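I have placed the structure first, in the form of structure tokens, so that the comments after it can refer back to it.
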Amino acid sequence: MHVHVPHLLPAPPKPHYNAVALRFTVSASAAAPAARKEKQAVIVGGGLAGLAAATHLTALSVPFTLVEASDRLGGRVATDVVDGYRLDRGFQIFLTAYPECRRVLDYPALRLRPFYPGALVFLGAGEPFHLLSDPFRLPLRSLSALLSPVGTLADKLLVGLARLRAAASPDDVILSAPETTTAAHLSRLGFSPSIVERFLRPFLAGIFFDPALDTSSRLFELVFKRLALGDNALPEDGIAAIAEQLEARLPLGSLRLNTRAAGIGRSGVTLDTGKTIPGELGVIVAVEQPEAEKLLPQLSTPQKPKKSNNSERSTVCLYFTTDRAAPVQDPILLLNGSGKGIVNNMFFATNVAPSYAPPGKVLVSVSLVGSFAGRDDAELAGEVVRELAGWFGADEVAAWRHLRTYRIGFAQPDQTPPTNPAGRDPRVGDGVYVCGDHWCSATFDGAMVSGRRAAEALAKDAGLS
């Protein structure tokens with residue numbers, strides 16, 4: 001099946017760069033590795049939040065050492081290059097309308113490749129895929145979807161109204177609005193069960209890894225606004241290019257990989273080797289939530305009841321390749337709206353960014369929501385192939401070769417109400433600061449905002465801002 005899509009959208013608007021941000025590269029290239037005798041800060045964790053904190057400390061000329069337990073930076077924002085294929089670790093899409101990202105990142109250097117503004121919905125074997133498009137960007141193409149079985153005519157009008165409202169709402173209004181679950185919020189807005197089950201649930205489950213839609217209505221509205229104002233995109237070099245761009249701005253000698261923190265104190269960080277890295281200016285803890293709660297037990301005090309069955313945010317991402325042309329030729333997300341099977345969403349990555357595979361090869365990305373801990377990789381890949389044979393035909397899928405399976409046990413922190421998507425005070429002790437997507441909104445932007453705020457708080461408390 002080939003769904004023709006016209007020229008998508010103009011290139012993302014050129015971001016406005018802060019003068020401080022533009023100095024990062026100069027600072028990094030000018031720094032030379034040397035034993036520091038002056039006081040310094042320590043950052044624990046090299047994911048997006050830790051990298052954001054590090055770039056802001058660099059801009060403020062605050063000396064620091066960043067320690068990362070693994071052999072690379074970026075945390076969950078990672079890409080592996082395997083035999084010429086770029087495999088992002090889990091389904092990740094970058095939203096170009098993130099305001100903090102627009103302020104800090106160099107978008108042209110990322111060479112962002114946009115998705116089609118909409119989705120194809122699978123409703124069952126033997127049925128055609130149903131195209132849903134952004135009614136404001138592609139109004140003519142959206143007219144053809146008005147009578148599709150993916151929701152009612154009223155639902156399509158409600159999508160347009162919700163988009164207008166979200167785009168016009170200031171962030172502080174969204175973040176202070178009465179909070180409920182996304183499922184309850186969608187019902188309150190008037191969406192029918194048809195469009196929720198066939199489109200909104202699989203679409204949002206792919207973003208929040210939460211098929212129950214227990215995620216905060218505030219986070220839904222915030223992400224919906226970003227979707228309305230910008231593109232969904234992938235960097236040509238993979239999602240890891242975002243972290244690599246930040247890493248390139250850091251001073252030489254400021255990073256220590258394969259270095260695991262075992263304890264946090266006002267005076268510094270104790271490593272699992274027993275050695276201590278002094279942090280007289282303060283310590284920023286920028287690891288993901290489970291590890292942060294181990295290092296700082298005071299963070300694990302329950303602030304709300306957890307739903308043991310629904311708070312897990314896990315995903316499995318499977319990659320396949322084929323020499324045959326993709327059955328869908330457009331850079332579009334495909335959603336499982338049938339209510340059956342284990343596949344939540346998928347796309348042909350090389351339709352979005354041809355650089356994700358060697359010339360002549362097609363890269364297929366398939367996402368499941370949940371851990372599927374009871375099934376091994378081969379069993380899971382076989383089940384996915386059998387299921388997708390009902391989407392594209394057995395002969396088509398038989399030509400696919402399984403490349404790799406990624407199991408992301410902690411894909412996102414729990415975002416069920418009550419939440420603090422505007423972010424919490426990074427100060428959690430004398431000279432100790434916390435940042436990460438669990439301390440703000442569970443988005444790329446939330447992680448980077450929290451990292452900046454932690455760096456600003458440390459510099460202020462140390463009298464260096």
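Share of carbon and sulfur in the accessible area of the stretch 77-121 stands at 47%, probe radius 1.4 Å. Values of log10 I(q)/I(0) for the stretch 351-465 across q = 0.18 Å⁻¹ run -0.96, by the Debye formula with one identical scatterer at each alpha carbon and no solvent.
Distance between the 7 Å Cα→Cβ label points at D171 and A69: 3.0 nm.
In this simple spin-label model, placing a label point 7 Å from the Cα along the Cα-to-Cβ direction at both S300 and A325 gives a separation of 5.6 nm. If you plug the beta carbon distance of A389 and E280 into 1/(1 + (r/R0)^6) with R0 = 51 Å, you get a FRET efficiency near 0.25. What is the calculated FRET efficiency for A109 to S61, with r their C-beta to C-beta distance and R₀ = 22 Å, to the nearest 0.05? The pair A109/S61 has a calculated efficiency of 0.35. Highest-first packing order for the peptide set 153-165, 235-247 is 235-247, 153-165, based on the mean count of other beta carbon atoms within 10 Å. Just the protein heavy atoms count here, and of the accessible area of the stretch 169-273 at 1.4 Å, carbon and sulfur take up 53 percent.
Protein heavy-atom accessible surface, 1.4 Å probe, per residue over the chain: 41 Å². Beta-bridge orientation, the chain: approximately 70 percent antiparallel, per DSSP, counting only bridges with both partners inside. Structure note, pairs K156/K340; K156/K225; K39/K460: Cα-Cα distances above 20 angstrom occur for K156/K340. Of the peptides 83-94, 275-286, 454-465, 390-401, the ranking by mean beta-carbon count within 10 Å, highest at the top, reads 275-286, 83-94, 454-465, 390-401. Between the stretch 336-388 and the stretch 416-455, what is the separation of their alpha carbon centroids in Å? What the calculation gives is 32 Å, centre to centre.
Estimated from helices alone, the mean residue ellipticity of the chain at 222 nm is -9000 deg cm²/dmol (sum of -39500 (n - 2.57) over DSSP H runs with n ≥ 4, per residue). The eigenvalues of the Cα gyration tensor, multiplied by 5 and square-rooted, give the stretch 406-465 an equivalent ellipsoid with semi-axes of 24, 12, 10 Å from largest to smallest. Run a plain Debye calculation on the stretch 138-265 (Cα atoms as equal point scatterers, no solvent) and give log10 I(q)/I(0) at q = 0.11, 0.12, 0.15 Å⁻¹, rounded to two decimals, same order as the q list. The Cα Debye sum returns log10 ratios of -0.57, -0.64, -0.86. Computed extension length for A398-T270: 40.8 nm, one decimal, from 0.36 nm per residue of separation with the Cα-Cα distance subtracted. The label point for R188 and the one for L257, both projected 7 Å from the Cα toward the Cβ, are 4.6 nm apart.
Which of the following values of volume of the Cα convex hull per residue in Å³ was calculated from the structure shown: (i) 173; (ii) 147; (iii) 197? So the calculated entry is the one marked (ii). Here the Kirkwood formula puts the hydrodynamic radius of the stretch 218-302 at 16.4 Å, using every distinct Cα pair. Summary of packing: across the peptides 166-174, 343-351, the per-residue average of other C-beta atoms within 10 Å ranks them, highest first, as 343-351, 166-174. Scaling against 2.2 N^0.38 Å puts the C-alpha radius of gyration of the stretch 56-215 at 1.31.
The values are calculated or read from the model by the stated rules, or taken from the named source; none is laboratory data. The model shown is predicted, which means the values in this text are computed figures rather than measured ones. Ideal geometry is used to build each Cβ from the backbone, glycine not excepted, and the neighbour counts take in all protein chains shown. Surface areas here come from the heavy atoms of the whole protein model, side chains and all, with no ligands, DNA or RNA. Shrake-Rupley method; radii C 1.70, N 1.55, O 1.52, S 1.80 Å.
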